[in-house]
Amino acid sequence: MAYLGFQRFIGARSGPHWLAHQLVFWGVVLATLITFPLAFGWFTFAADTAAGPGYTMYVMGVRTISFDALSLVGWVVFHGLDVAAVLVLAGCGWFLWRRFRQR
């Protein structure tokens, strides 16, 4: 886990380099964990009522949680891919900045 998950071998080089790798790695992992279940229909969401902001999440057809779309949980659930994209872009931005600065 320390080798693959936390990439300690990169941390020995420099702290910012390690952080950028972590951002890209965990952003891609998060995007994969969200995209594949949604694409294959393993995760589905259904509105509780036609007028309200309540949603219920189903995993493999089993009702798991109900949440308000306007709550923090709702924001995180519906913007998970946005969070993953920001992580990847921040890591790639660091790599590009470093590449152009230190040729």
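The values are calculated or read from the model by the stated rules, or taken from the named source; none is laboratory data. Note that the structure is a prediction, hence the values are computed from the model and not measured. Methodologically, a virtual Cβ is constructed for each residue, glycine included, from the backbone with ideal geometry; neighbour enumeration extends over all protein chains shown. Side chains are part of the model used for accessible areas, which takes the heavy atoms of the whole protein and leaves out ligands, DNA and RNA. Shrake-Rupley method; radii C 1.70, N 1.55, O 1.52, S 1.80 Å.
The residues of segment 4-40 that are closer than 19 Å to VAL83 by Cα and among the polar types (S, T, N, Q), listed by number, are GLN22, THR32, THR35. Every listed requirement among (1) part of a helix (DSSP H, G or I); (2) touching a strand residue (DSSP E or B) at 6+ places or on another chain (Cβ under 9 Å) is met by THR32 save one, (2). Is it the case that PRO53 is modelled with pLDDT under 90 and either surrounded by 14 or more Cβ atoms within 10 Å (Cβ to Cβ) or in contact with an Asp or Glu (Cβ under 6 Å, 6 or more places away or on another chain) (or both)? Answer is yes for this residue. When ARG8, ARG63, ARG13 are checked against the criterion of being more than 30 Å from GLY91 (Cβ to Cβ) and open to solvent by 70 Å² or more (accessible area, probe 1.4 Å), ARG63 stands alone in meeting it. Residues that are part of a helix (DSSP H, G or I), among the aromatic types (Phe, Trp, Tyr) and either surrounded by 13 or more Cβ atoms within 10 Å (Cβ to Cβ) or under 19 Å from the mean Cα position of the chain (by Cα) (or both) within segment 66-103 comprise TRP75, PHE78, TRP94, PHE95, listed in sequence order.
Of all residues in segment 16-50, those being open to solvent by 40 Å² or more (accessible area, probe 1.4 Å) and either aromatic (Phe, Trp, Tyr) or in contact with a Cys (Cβ under 8 Å, 6 or more places away or on another chain) (or both) number 8. Sub-6 Å Cβ pairs linking a first residue in segment 10-39 that is in contact (Cβ under 8 Å) with a residue 24 or more places away in the chain to a second residue that is open to solvent by 40 Å² or more (accessible area, probe 1.4 Å) and aromatic (Phe, Trp, Tyr), at least 6 apart or interchain, are ALA20/TRP94; ALA20/PHE95, ordered by first then second residue. With respect to the numbered conditions (1) on the phi > 0 side of the Ramachandran plot; (2) part of a helix (DSSP H, G or I), which one is the sole condition not fulfilled by GLY41? Checking GLY41 against (1) on the phi > 0 side of the Ramachandran plot; (2) part of a helix (DSSP H, G or I), the one that fails is (2).
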